[in-house]
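Derivation of every value follows stated rules applied to the coordinates shown; laboratory data play no part. Because the structure is a prediction, the values reported are computed rather than measured. Heads up, the Cβs are rebuilt from the backbone with ideal geometry, glycines too, and the neighbour counts pull from every protein chain shown.
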There are 2 protein chains.
Amino acid sequence: MSDSTFHVDLAQMIEQIVGKLSRFFDMTEEMADGIRVLCKDSTEFARGTLLIEADQPYQKVFLVRQGWAVRYKLLPSGDRQIINFALPGDFLCFNASIFGTSDHFVAAKTFLQTFAFDIAPFQHMLTSYPAMALAMSWANAHEEAVLAERIASLGRRSARQRMAHLFCELWRRLQLLGLTEQGAFPLPVTQEDLGDTLGLSVVHVNRTLRRLSADGLIAREHGLVRILDMGRLQQVAGFEDGYLHFTELAARRR
Amino acid sequence: MSDSTFHVDLAQMIEQIVGKLSRFFDMTEEMADGIRVLCKDSTEFARGTLLIEADQPYQKVFLVRQGWAVRYKLLPSGDRQIINFALPGDFLCFNASIFGTSDHFVAAKTFLQTFAFDIAPFQHMLTSYPAMALAMSWANAHEEAVLAERIASLGRRSARQRMAHLFCELWRRLQLLGLTEQGAFPLPVTQEDLGDTLGLSVVHVNRTLRRLSADGLIAREHGLVRILDMGRLQQVAGFEDGYLHFTELAARRR
DNA sequence: CGTTATGTTGACGCGAGTCAACTAAGGTGG
DNA sequence: CCACCTTAGTTGACTCGCGTCAACATAACG
C-alpha cells in the first residue's frame, strides 16, 4: 500500500477504477468524486497470496487494477475447482460482502494491484449513483454469464473443446483490455491450474495442449499463448462470443 | 393473465413477490406500495413454453410465483446444457434486461405462474428503495453461488456424487420454500433434463439413479424424490450447504 | 548448483458415452 | 374405453476419452 500510486491523473484513475465498464457507461463529475474518495486504499498482493478464504467473514471488496487472480473451491475430497479468473477491471469478493461470508477462496496468480473498498461506503456509492449501480449490475451479470458458459463447457464439451474455448474467451476478454499483442495473450497459470479450471487431470491438460500445438492452432511460448489460427480455434471450441455481451456494450455507447 | 389472482391480501402478495427474500429483508410500507404497482402484471405459462430465446432482445423480468423453469444453452453441436433450475422466489431474465439480449433459453418445466415486470419501472424501484436493491443483489449473488457450486460438481465430482449433490441442493432450496413433505421433494423433470444438467448421458443418469435407489439413499415415486438417508447422501455428495448462505440469512434476521 | 515446482511421456484401467432393443406410461382421437 | 402413438424409462454390450500411476525431463529459484 503506497501513496505514490496516487500521482496519476484523475481520468486515468477513473479508467482504472471502473475498468472496462467506464468505456461504456456515462459518468458525471460527481461520481468521479465519489470514486476518488473510495479509491484511497490501494492494496497490492504478492503472487500466491490468499485474498480471502472460504467460510471466513468478508473484509473488503476489491477491484483488480493489474494482474490475475483466481476464485476457487476446495471440495471435501481435497480436489480443487477453479471457478474463474479475475482480470483487470473485475471485482472480487462483492458477493462475499453481500453474504457476510465467502464460499470460496481467492488467490493472486501474479503480483496483483487492487483498489480495496470497505463495503459500507461502497454500498453507499452504489445507492447514491444509479449509474454506478447499473455498472455493478452489468459486472455481476457479465460474471454470471461467464460462469454459465463454463458450465456448458464442463457439461458438454470435450477436453480439446474446453481448452480451445477457454483460450478464445481469454483472448476476447484480454483484447478488450488491450492486454493482447500480435495474436498472443499472457497466461500466467500452470497446467495444473488449467486442469482445475477445466475439470481435467494435469496429464490430460498436457496432452491436449500439445495436440492443439501440433495441429497448428496455438503455440506456447514462456507464459504466452499465441493463437495461430483463430478461425479454426473458434470452430473447434464452438465459440460464440455473444455471451460476453461486448458488442452490445460498444453499440450502446454509440 | 387474470385479474382474479389479485384478490389476495397485500401481505401474502408481498410474500410472493420477494419470495424467500422477504423473510430476511425489512420492508417499509412505501416499498410495499411500489411493489403493489409493479405486480399488476401476473403472467402464466403452460408447461414447455419458452419464456425467452437466446439472442433475442429481452422483454421482461420475471419473478417465479409457482412452478419450475429451466435456463439452458444450446451449443453449436446441438447439445443442450441446463444452467440451473428456477424455483418460486427466483428471478428470471434479470441479466437479459441488463444486457438487452439473452444469452440462453428459459422454458417452463411445469405450469408456471410469474409476475412480469417491465425493466424500466423495475429498475426505478431498485434505485428508489435501497433495501430492494440489496435484496436483488442478494438474489444475484445467491444465483451465482449456485452456479459456482455446479461448476465444482461438473469439474470434480463423479456422476454419483453430482446426482447426490443436486438432490441435496434441491432439498435445501425447496425446504426453505416449504415445498418438501416428509422427506420427499418434487422433481418435475425427465432423466434427460437431469443429464443435461449434470453433464451426463440419459443412459448413465438412469443407471446412477437406480444405483442410488438400490443403495437405499433415495426412492423415486411418480415425480417425487424421497430421501431415505440424508446423512449418507450428503456424505456421498460431499455436500456442504454453506454456499447457499441460508443460515446467515436466518441469523441476520435475529 | 542442488532442490523443488512444473512439464512430458507411456502403459494401463475405468467411468461414462454410444448403440440398440425393449418396456412402460401418458395422451389423443375414434 | 380401447387402439394407437409418442415420450420417457430401462437394460446389456461394446467403445473410448480421460484418469491414474510411474518415471523422467526441464525450468525456476534461492
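In debye, nearest 20, what is the charge dipole magnitude of segment A:38-140 about its Cα centre with +1 on Lys and Arg Cβ and -1 on Asp and Glu Cβ, if you could check?
Details: 8 positive and 8 negative charges, 47 e Å.
For segment A:38-140, the charge dipole is close to 220 debye.
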How big is the equivalent ellipsoid of segment B:157-253 along its three axes, where each semi-axis is √(5λ) from the Cα gyration tensor, reported in whole Å from largest to smallest? 23, 14, 13
Rounded if a/c is under 1.5, else prolate if a/b beats b/c, else oblate: with a ≥ b ≥ c from the C-alpha gyration tensor eigenvalues square-rooted, which is the protein assembly as shown? oblate
Report, in degrees rounded to the nearest 10, the 0 to 90 angle that the Cα long axis of helix A:119-128 makes with the longest principal axis of chain A. 80
Over chain A, relative contact order from alpha-carbon pairs under 8 Å, at least 6 apart, %: 19
Every other copy gets compared here: list the nm distances from the residue B:59 label point (7 Å along Cα to Cβ) to its counterparts, shortest first, one decimal. 4.8
Whole Å is fine, so just give me how far the alpha carbon centre of segment A:161-218 lies from that of segment B:149-220. 32
Using only Cα atoms, find the angle between the long axis of helix A:202-214 and the longest principal axis of chain A, and express it within 0 to 90 degrees, rounded to the nearest 10. 80
Cβ-defined net charge surrounding residue A:190, 10 Å radius [Lys, Arg +1; Asp, Glu -1]: -2
Extreme residue, positive dipole direction of the protein assembly as shown, given options A:165, A:131, B:112 (C-beta unit charges): A:165
In nm, to one decimal, how far is the residue A:220 label point from the residue A:201 one, both placed 7 Å along Cα→Cβ? 1.7
Teacher prompt: residue A:211 distances to equivalent labels in other copies, 7 Å Cα→Cβ, nm: 2.5
A correct Kirkwood calculation over the Cα atoms of segment A:76-226 returns a hydrodynamic radius in Å of 17.3
Can you give the helix-only mean residue ellipticity at 222 nm for chain A, where every DSSP H stretch with n ≥ 4 adds -39500 (n - 2.57) and the sum goes over all residues, rounded to the nearest 500 deg cm²/dmol? -14000 deg cm²/dmol
Compute, for segment A:185-227, the length of the dipole vector about the Cα centre, with Cβ point charges of +1 (Lys, Arg) and -1 (Asp, Glu) only. Units Debye, rounded to 20. 200
Roughly how far apart, in whole Å, are the Cα centres of segment A:93-122 and segment B:105-119? 33
Inter-copy label distances at residue B:43, 7 Å along the Cα→beta-carbon direction, one decimal in nm, shortest first? 4.2
Subtracting the Cα-Cα distance of residue A:228 and residue A:124 from 0.36 nm times their residue separation yields 32.8 nm
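Between their Cα atoms, which of A:40/A:109; A:73/B:73; B:40/B:109; A:60/B:60; A:60/B:73 are more than 29 Å away from each other? Mind showing how you got there, number by number?
Details: A:40/A:109 24 Å; A:73/B:73 24 Å; B:40/B:109 24 Å; A:60/B:60 33 Å; A:60/B:73 34 Å.
Long pairs (Cα-Cα over 29 Å): A:60/B:60; A:60/B:73.
State, to one decimal in nm², a quarter of the convex hull surface area for the C-alpha atoms of chain B, i.e. the direction-averaged projected area.
Values: hull surface 56.4 nm².
Quarter of the Cα hull surface area: 14.1 nm².
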What net charge is computed for the residues neighbouring residue A:160, neighbours being all others with C-beta under 10 Å from the C-beta of residue A:160, Lys and Arg scored +1, Asp and Glu -1? +3
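Quick check: net charge around residue B:118, other residues with Cβ under 12 Å of its Cβ, Lys/Arg +1 and Asp/Glu -1? Let's see the in-between values first.
Working: positive: B:40, B:60; negative: B:41.
Result for the local shell: +1.
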Rounded to the nearest 20 Debye, what is the dipole magnitude of the protein assembly as shown about its Cα centre when Lys and Arg each give +1 and Asp and Glu each give -1 at the C-beta? 1760
